[in-house]
Amino acid sequence: MFYLSKIFWLLVQPLSLAFFLAALAALACLVRRGTIGGWLAGLSALTLFVTLYTTAGNVLLQSLEDRIPRADRAPDTISCIIMLGGGVENEVMSGRGGVEFNAAADRYTETLRLALAHPDAKILVSGGDGSFSGRYEGEAGASAAFFAAFGVQPERLIPENASRNTWENTLNTKKLLEQEGLKDCLLVTSAFHMPRSISLFAKAGLTVTPWPVDYRTSGTLTLGFDFTQPSLNAQNTSTAVREWLGLLGYYWVGRIDWPF
């Protein structure tokens, strides 16, 4: 299922979809099916325009970020901070060493802030290698180095380095929480990823306090044209489509109760 989902996403993400539609249009013209080729070329152009030059993807992303707001303050008692991985560049680190963050670095910085504010809380870092090759270390090593650099004691960390996706994050985290006897946990992940994460945790019988971070939208967006940042629009559209497909897919296979 993991590899099938990877292949499926490779084919249906917006820019890939536009490419395949354009390729099919060219093929249709080569075999003298000009009308079909024209329709396919038009769909490809429309997909690119919506992805690059409208706020549609950002609005989709915003709808996810708005679903589960963060509390004004953390609970007084926190036994564990669960941070879902995805904030580092495994491929870059494998070649250059160190700790290299991506756009989801807020998962790390906010977890660090919480860890320093709640010195008795354990820190469960859940995230392995989600690549096709499976040859990278995952986030256990990176997280240990990062938190240690800011004075967080190594014995506070609970590494979970086997998960390749959010479903495996949930299952492996549940096992570790039960082994450690931990409750009253915060869940730290990107705001757009929180609806899927919380739904999976709830289905698995885990009660956690959501602590969303890494917001990508202002919260005030409406549908319209945007010619100022096509590359960012494409990135946010891809992120939003992937997350919505993840919600629908998990609902379809019975891993969450409701995607909306």
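The values are calculated or read from the model by the stated rules, or taken from the named source; none is laboratory data. From a predicted model like this one, the values you see are computed outputs, not experimental measurements. Heads up, the Cβs are rebuilt from the backbone with ideal geometry, glycines too, and the neighbour counts pull from every protein chain shown.
Residue count for region 20-63 under the criterion of being in a helix (DSSP H, G or I) and either of a type in the set (S, T, N, Q) or outside the structural domain of Thr237 (by TED's automatic domain parsing) (or both): the result is 7.
Okay, residues lined up against (1) modelled with pLDDT of 95 or more; (2) over 30 Å from Arg255 (Cβ atoms); (3) in a loop (DSSP other than H, G, I, E, B):
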position: Val99; (1), (2), (3): no, yes, yes
position: Thr111; (1), (2), (3): yes, no, no
position: Ala115; (1), (2), (3): yes, no, no
position: Ser131; (1), (2), (3): no, no, yes
position: Gly138; (1), (2), (3): no, no, yes
position: Glu155; (1), (2), (3): yes, yes, no
position: Leu171; (1), (2), (3): yes, no, no
position: Lys175; (1), (2), (3): yes, no, no
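When each of Gly57, Gly98 is tested for being among the small types (Gly, Ala, Ser), out of contact with any strand residue (DSSP E or B) (no Cβ under 9 Å at 6 or more places or on another chain) and closer than 19 Å to Gly151 by Cα, the lone residue that passes is Gly98. Of all the listed residues (Gly87, Gly98, Gly151, Gly141), the sole one being crowded, with 22+ Cβ neighbours inside 10 Å and touching a helix residue (DSSP H, G or I) at 6+ places or on another chain (Cβ under 9 Å) is Gly87. Any residue at all in region 225-242 that is charged (D, E, K, R), within 20 Å of Pro69 (Cα to Cα), assigned to a helix (DSSP H, G or I) and touching a helix residue (DSSP H, G or I) at 6+ places or on another chain (Cβ under 7 Å)? No, region 225-242 contains no residue that is charged (D, E, K, R), within 20 Å of Pro69 (Cα to Cα), assigned to a helix (DSSP H, G or I) and touching a helix residue (DSSP H, G or I) at 6+ places or on another chain (Cβ under 7 Å). Scan region 208-260 for residues that are of a type in the set (Val, Ile, Thr) and either within 14 Å of the chain's Cα centre (by Cα) or on the phi > 0 side of the Ramachandran plot (or both) and the total you get is 4. Of all residues in region 23-53, exactly one satisfies the criterion of being within 21 Å of Leu223 (Cβ to Cβ), among the hydroxyl-bearing types (Ser, Thr, Tyr) and surrounded by fewer than 18 Cβ atoms within 10 Å (Cβ to Cβ), namely Tyr53.
Flag: Arg216 matches the condition of being under 30 Å from Tyr53 (Cα atoms) and not in a helix (DSSP H, G or I). Taken across region 182-204, residues that are among the basic types (Lys, Arg) and surrounded by 19 or more Cβ atoms within 10 Å (Cβ to Cβ) do occur, with at least one present. Taken together, the residues in region 38-82 that are among the charged types (D, E, K, R) and touching a His at 6+ places or on another chain (Cβ under 8 Å) amount to 0.
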